[in-house]
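Take a look at the structure below.
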Amino acid sequence: YLTPPASGYITQVVYISKTVTIRGGYTTASWTTPDPDANPTTLDAQGQGRVLFISGGINPTIEGLRITGGDATGMGGSYDVWPPLFDTGGGVYVFNATVTMSDNQVYNNAAEDAGGLFLYRSASTLSGNTVFSNTASMDGGGPFLYYSNATLSGNTIISNTAADVAGGLFLLFSDAMLSGNTVIANTAEWGGGGLFLYGSNATLNGNTVTYNSGGQDVGGGLYLGHSDATLTNNVVV
């Protein structure tokens, strides 16, 4: 399912193929109570590949990390999808896994598609994460879900950019559950500055979508295409 890069190998800071927990915020003096704010734990790919690649029928947990410096250039994407995805998932690429991600910061990552985070057929849970300042030279500046009926709650998606669509969050054929998320100041040059839904019968409850820009065409805050979504008590302004 992955298109291999021309080099024949895929680079990342961390490759996860088993059900493990990776948690930041500890010190060498204390391994009992993590405090990610006081003791930041940073995984920095320094532009040499993705930061996290997670694959297989596994259920890992990722907590309290700063995930940055990822660049998917030449890393490939997924060839069995439409529209085709190219160099995908600059910060995090989750492939056919059920991941729990909470209280992480995903920032300053880049890719053609899914600058910050990509879920591929992964019904994962994302809660309390901040995804900011990621860039896609095509679609999906922040999180990008493909056939992933994930649950997103209490996340902040801010200041991400896409040259085409979905500056903030892209749902493609993903009946996701979104509650209590803040999507702010994201930009897409074509449309769907905040959220871009296509073929996604998602449920959105209590989210705040504000100060986003759809660029030259449509959907500054929200763009829904072929999506029988349910929206309740959301603020779009």
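The values are calculated or read from the model by the stated rules, or taken from the named source; none is laboratory data. A quick note: this is a predicted structure, and the numbers were derived from the prediction, not measured. Every residue, glycine among them, receives a Cβ derived from its backbone with ideal geometry; neighbour counts consider all protein chains shown. Surface areas here come from the heavy atoms of the whole protein model, side chains and all, with no ligands, DNA or RNA. Shrake-Rupley method; radii C 1.70, N 1.55, O 1.52, S 1.80 Å.
For the reader, a short list of remarks on this structure follows.
- Phe118 being touching a residue at least 12 places away in the same chain (Cβ under 8 Å), of a type outside the set (Asp, Glu) and surrounded by 21 or more Cβ atoms within 10 Å (Cβ to Cβ): yes
- For segment 38-54, residues that are of a type outside the set (D, E, K, R) and not in a loop (DSSP other than H, G, I, E, B) total 6.
- Those residues of segment 158-181 which are in a strand (DSSP E or B) and either closer than 16 Å to Gly115 by Cα or open to solvent by 10 Å² or more (accessible area, probe 1.4 Å) (or both), in sequence order: Ile158, Thr161, Ala162, Val165, Leu169, Phe170, Leu171, Leu172, Met177, Ser179
- Residue ID - farthest from the chain's Cα centre (by Cα), chosen from residues in segment 86-100 that are open to solvent by less than 10 Å² (accessible area, probe 1.4 Å) and not β-branched (Val, Ile, Thr): Ala97
- If you go through segment 139-157 and keep only what is in contact with a Gly (Cβ under 8 Å, 6 or more places away or on another chain) and part of a strand (DSSP E or B), you end up with Pro143, Phe144, Ser153, Ile157.
- Residue list for segment 193-237, restricted to those being small (Gly, Ala, Ser) and within 21 Å of Ser153 (Cβ to Cβ): Gly194, Ser200, Ala202, Gly206, Gly221, Ser227, Ala229
- Residues that are among the small types (Gly, Ala, Ser), part of a loop (DSSP other than H, G, I, E, B) and free of Cβ contacts under 8 Å to residues at least 24 places away in the same chain, drawn from segment 16-33: Ala29
- Members of segment 146-161 found to be among the hydrophobic types (A, V, I, L, M, F, W, C) and within 17 Å of Asn205 (Cβ to Cβ), listed by number: Ala150, Leu152, Ile157
- Scanning segment 98-140 for residues that are closer than 14 Å to Ala72 by Cβ and of a type in the set (D, E, K, R) yields Glu112, Asp113, Asp139.
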